[in-house]
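The values are calculated or read from the model by the stated rules, or taken from the named source; none is laboratory data. Quantities reported herein were computed from a predicted structural model and do not represent experimental measurements. Note: ideal-geometry Cβ built from the backbone for every residue, glycine included; neighbour counts use all protein chains shown. Side chains included, ligands, DNA and RNA excluded: accessible areas come from the protein's heavy atoms. Shrake-Rupley method; radii C 1.70, N 1.55, O 1.52, S 1.80 Å.
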Amino acid sequence: MDDWDEQKPAFLPYRPLVPAAVAFACGILTRETLALPPSGVWVALCLAVAAFPAFAWFELRSAAPVALWLAVAGAGWVRLDLAGEPRGPDHISRFLGEEPTLVKLRGVVASDPEVRVLPPMPLSGDSKWLATESRQTRFDLDCHAACVDAQWRPLSGRVRVVEHEACGDPPYGYGYRVVAVGMARLPTGPSNPGQVDGSALLRRRGIDATLSVGEGGVAVEEPGGGGPWATVYALRSSLRARLRTTLAPDHRSAALLCALVLGDRTELDDDLEEAFARTGTIHLLAVSGFNVAIVAWVVWLAAALTGLGRRLAGALALCTVVAYALVSGAPPSVVRAAVMTGAFVLGIMGRRQPDAVQAVALAALVLLVLRPFDLFNAGFQLSFAAVLGIVLLSGDLRGLLRPRKSLLDQMAGDEEPSRWARWRRTCHERAAAFTAASTAAWLGVLPLGVLYFGHYNPATVLVNMVVIPLAGLLTILGFAHTLLAAASHALAWTTASATQGTASFLTGIVFFLDTVLPAHQYCAPPALGWVVAYYALGLTVVCRRRLGLSGTRAATLWVAGILAFLVFSASGRPPQGLEVTALDVQHGNATVLRFPDGSTALYDCGSYGRTDVGRWAAAPALWHWGVRTIDLLVVSHADADHINGIPALLDRFRVGRVVHSPVLGQAEAGRQLLDLLRERGIPASPVQAGDRIVVGNGNALDVLWPMDWSLRLRPNDQNENSLVLRIEHAGRRVLLGGDIERVGATVLLHSGLDLRADVLLTPHHGCANPFSEQLARAVRPSRVICSNRAEHLPPATVAAYEAVGAQVLATCREGAITARIRHGEVEAVGWKKPTGP
């Protein structure tokens with residue numbers, strides 16, 4: 001390990017762009033996270049700007065840089081402040097709320113429409129809508145007017161439009177003037193624990209509201225005009241269509257090539273994308289520095305072969321890289337790579353030694369000045385983390401992996417090595433350089449990948465050694481095929497076979513490695529403090545000489561920090577009493593029961609919609625609470641809105657056992673779920689009225705329904721035979737009502753059972769039913785939870801429970817609802833925070 005100290009120092013004595021980029025980013029971060037008074041910031045900025053020349057004049061060498069970096073940080077604060085557009089009296093946020101509102105808007109399409117094919121949902125059962133593919137078209141709309149009382153009135157703001165069930169390619173494009181009719185609402189914050197803040201993501205992209213329209217809900221008033229972006233989007237759309245045509249009928253190869261060359265992943269099938277994600281090679285499907293480097297290298301090589309001079313070749317490479325960045329949509333990774341390529345090319349043209357760290361800092365400054373909100377973009381952070389990892393760590397790692405002289409080589413002394421020995425040493429050095437770069441990039445993005453995606457793969461380095469060369473070859477073939485396809489369909493056939501063959505081989509390799517190297521691990525995203533600590537300890541390795549540390553000690557500190565994270569973040573703190581949380585899954589059910597002894601039970605997990613609530617709602621919530629194991633999974637019945645999120649949970653958590661309704665296997669979706677449980681070796685057993693389920697240290701769940709006669713007379717009725725459970729804790733009761741309807745509710749009401757409970761999860765999500773009043777009088781709850789959409793929650797149901805003095809809470813309004821029973825007291829709170837215009 002101490003061989004690291006023989007390497008060239010990572011940092012040069014003077015790199016002014018590095019602290020400038022850090023200070024500018026800190027200013028942006030301060031503006032986003034702290035509510036500082038603007039007048040105070042402007043005063044501080046002016047003072048810092050004035051103080052810098054004064055300090056420099058009096059040769060105060062320690063104070064002058066501080067004033068300069070404070071001024072740069074203030075500039076970052078001001079840049080982000082200016083990025084937020086002022087909201088005038090006609091801004092759309094002043095007329096909308098969190099509830100959907102029917103609107104008719106006129107505006108101009110402000111982005112390239114993106115068509116997405118949504119795959120069928122798992123365990124969809126009898127729901128034909130969920131069991132089939134669906135298409136969506138998404139684009140941004142700059143609003144100009146809204147129709148109010150049959151008159152158009154001025155309106156401003158940008159809206160994200162989603163057209164559902166769209167058929168074929170959209171008849172509109174960038175710059176088109178359109179009229180859209182649908183349901184609009186303001187973006188809302190997270191409604192479940194641990195969930196991503198979608199409203200913040202939209203706000204940072206300049207989106208003020210969302211608009212959901214049906215098929216045909218967007219009408220073209222006037223085709224788009226010219227302009228550079230319209231030309232770029234038209235070219236991108238044309239290239240995409242030509243790739244589909246020339247590679248037909250191999251749809252997968254065309255989709256893979258669109259991802260590698262154009263950065264368009266909308267047509268990739270889920271199986272292939274998941275295989276890339278699980279093997280840790282998903283970065284290859286996003287246009288990044290890898291693609292830009294290939295473009296620059298190919299152009300530079302072609303220019304050199306044609307005898308062009310250094311300056312002309314560099315200018316040609318720069319122009320090509322800029323054009324490619326525009327065609328690929330200019331994501332942060334491409335802009336970063338383009339700026340770095342420009343810095344390197346200009347350095348070579350000027351016969352100056354390029355500095356990679358300075359180039360990275362310059363790219364960061366350019367990006368943040370142009371698009372300051374990119375600082376909070378996952379692609380921006382991952383791109384710069386990977387590049388900095390390669391720049392700062394690959395040299396040390398390459399030193400560790402470099403070939404050593406064998407005993408025979410030492411005995412040979414200064415003798416000329418044989419050709420075989422030279423070839424073997426060259427291969428070893430190149431393999432060491434490739435492995436070092438791959439490992440350094442993986443170490444650079446590891447905590448961010450876990451933070452944003454909740455998984456990692458320890459075998460990523462090995463997989464990349466196989467996949468990256470193939471992806472590079474396919475990318476070169478893809479560029480050649482795309483250029484030929486743009487010129488002529490006839491010319492494209494010359495490279496179609498080679499391109500399709502390479503794409504199929506790469507696909508097969510990825511699927512094979514995903515099967516033979518099942519090292520992919522899901523895990524809880526770390527807290528932000530752990531991510532900062534990881535990179536701080538990584539910097540001790542980079543700056544070990546300045547800190548007086550050896551390579552061994554610095555690396556030991558880094559590894560010790562990782563082990564500390566694994567130990568101290570392994571589990572969360574159990575609740576002080578019983579906590580029952582109904583997650584916001586729209587029309588569906590996912591109710592988490594957390595007991596004081598740390599055990600966890602989950603009552604269903606599904607939703608009647610195309611969002612995988614197991615992946616996007618239940619898993620983040622469980623990780624938020626520090627849950628790693630679901631001790632008991634209760635499946636009330638086989639409807640899709642109760643089970644279609646379970647497969648994602650089985651991938652991410654260990655499940656102790658499963659209990660289910662006796663009629664679960666009568667439905668196709670139920671049989672599929674039981675087969676899935678058997679494949680994974682998870683014990684599953686049916687339960688019915690009179691059974692008691694014990695989880696953890698004596699925590700009991702009593703089954704009240706279904707009864708024997710219902711199972712005999714209605715064996716195929718999933719709703720009427722759904723599981724109804726009662727949990728008692730500290731003298732208080734919780735009743736989980738399943739999806740029972742008229743028959744089940746009537747029998748329970750006349751069965752003589754004591755149905756009284758303090759907390760009630762309403763049967764069938766609180767939808768309209770004739771027994772709400774009788775059930776409310778029999779249960780007499782103090783808290784009632786409805787897990788449903790607002791349009792499916794009738795006022796009569798709410799009134800029936802409020803009539804007996806219950807507090808009615810709905811997930812559509814309060815978000816996830818947690819009922820706590822502590823020291824004999826009951827309270828219920830919602831997770832969602834109201835947002836204003």
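Figures for the structure shown
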{"item": "Label corresponding to Kirkwood radius over Cα pairs in Å when calculated from the structure given, among (1) 28.8; (2) 30.4; (3) 27.7", "result": "(2)"}
{"item": "Cα-Cα pairs of segment 563-606 separated by more than 17 Å (percent)", "result": "47"}
{"item": "Solvent exposure, largest accessible area first (probe 1.4 Å, DNA, RNA and ligands not counted), of Val298, Val743, Val49", "result": "Val49, Val298, Val743"}
{"item": "Estimated FRET transfer efficiency when R0 is 25 angstrom, pair Arg657-Asp597 (beta carbons, to 0.05)", "result": "0.90"}
{"item": "³J(HN,Hα), Karplus 6.51/-1.76/1.60, whole Hz, each residue of segment 719-736, x for Gly, Pro", "result": "5, 5, 10, 6, 6, 10, 10, 10, 10, 10, 8, 6, x, 10, 10, 10, 10, 9"}
{"item": "Relative contact order of segment 296-412, pairs being alpha-carbon contacts under 8 Å that are 6 or more residues apart, as %", "result": "20"}
{"item": "Along the chain, longest interval not containing exposed trypsin sites (Lys or Arg not before Pro), exposed being DSSP loop plus at most 13 other Cβ atoms within 10 Å", "result": "62-350"}
{"item": "Backbone HN-Hα couplings from phi across segment 267-274 [Karplus 6.51/-1.76/1.60, Hz, Gly and Pro as x]", "result": "9, 5, 6, 4, 4, 5, 5, 5"}
{"item": "Percent RCO, i.e. relative contact order, over the chain, from Cα pairs under 8 Å lying at least 6 residues apart", "result": "10"}
{"item": "Surface accessible to a 1.4 Å probe, per residue, for the residues of segment 719-806, Å²", "result": "39"}
{"item": "Cα-centre dipole for the chain with unit charges at Cβ (Lys and Arg positive, Asp and Glu negative), debye to 20", "result": "2180"}
{"item": "For segment 517-578: accessible area per residue (Å², 1.4 Å)", "result": "58"}
{"item": "Ellipsoid semi-axes in whole angstrom, largest first, where each is sqrt(5λ) of the Cα gyration tensor of segment 667-822", "result": "26, 19, 17"}
{"item": "Radius, Kirkwood style, for segment 544-632 when every pair of distinct Cα atoms is counted (Å)", "result": "15.6"}
{"item": "Gained length - Leu36 relative to Val559, 0.36 nm times residue gap less alpha-carbon distance", "result": "184.5 nm"}
{"item": "Computed FRET value (nearest 0.05) for Arg780 with Arg692, which takes r as the C-beta separation and R₀ as 22 Å", "result": "0.40"}
{"item": "Coil-residue chymotrypsin sites (Phe, Trp or Tyr not before Pro) of segment 82-171, DSSP, other Cβ within 10 Å capped at 15", "result": "none"}
{"item": "Net +/- balance of residues flanking Trp300 in space, Cβ distance below 15 Å, scoring K and R +1, D and E -1", "result": "+2"}
{"item": "For segment 778-787, Karplus couplings with θ = phi - 60° (6.51, -1.76, 1.60), whole Hz, Gly/Pro x", "result": "6, 8, 6, x, 8, 9, 10, 10, 10, 9"}
{"item": "Proximal aspartates and glutamates to Lys104, defined as alpha-carbon separation beneath 20 angstrom and excluding residues fewer than eight positions away on the same chain", "result": "Asp90, Asp140, Asp142, Asp149, Glu163, Glu165, Asp208, Glu215, Glu221, Glu222"}
{"item": "Segment 267-320 - charge dipole about Cα centre, Lys and Arg +1 at Cβ, Asp and Glu -1, debye rounded to 20", "result": "760"}
{"item": "Aspartates and glutamates with Cα under 17 Å of Lys833, excluding same-chain neighbours fewer than 8 positions away", "result": "Glu98, Glu99, Asp197, Asp584, Glu814"}
{"item": "Heavy-atom accessible area order for Val159, Val829, Val322, largest first, 1.4 Å probe", "result": "Val322, Val829, Val159"}
{"item": "Point-to-point label distance, Asp90-Thr515, nm (Cα→Cβ direction, 7 Å offset)", "result": "6.1"}
{"item": "Percent carbon-and-sulfur accessible area, segment 609-652, ignoring ligands, DNA and RNA, probe 1.4 Å", "result": "44"}
{"item": "Where segment 586-647 is the region considered: accessible area per residue in Å², 1.4 Å probe", "result": "22"}
{"item": "Spacing of the two label points (7 Å from each Cα toward its C-beta) at Ala490 and Ala730, in nm", "result": "8.3"}
{"item": "Neighbourhood net charge (15 Å Cβ-Cβ; Lys/Arg +1, Asp/Glu -1) for His624", "result": "+3"}
{"item": "Carbon and sulfur %, accessible surface of segment 143-231 computed with the full protein complex present, 1.4 Å", "result": "53"}
{"item": "Nearest-0.05 FRET efficiency for Asp197 and Val43, computed from C-beta distance (R0 35 Å)", "result": "0.65"}
{"item": "Area accessible to solvent at Glu165, 1.4 Å probe radius, in Å²", "result": "80"}
{"item": "Percent accessible area from carbon and sulfur atoms, segment 465-518, protein chains only, probe 1.4 Å", "result": "78"}
{"item": "Probe 1.4 Å - accessible area at Trp300, Å² to nearest ten", "result": "70"}
{"item": "Counted charge near Ala803, where neighbours are those whose Cβ lies closer than 9 Å (Asp, Glu -1; Lys, Arg +1)", "result": "-1"}
{"item": "Principal-axis tilt of helix 551-568 within the chain, Cα atoms, nearest 10 degrees", "result": "10"}
{"item": "Mean separation of Cα contacts under 8 Å, 6 or more apart, over the residue count of segment 211-344: relative contact order %", "result": "22"}
{"item": "Theoretical gain in end-to-end length, Ala378 to Ala796 [0.36 nm per residue, Cα-Cα removed]", "result": "146.0 nm"}
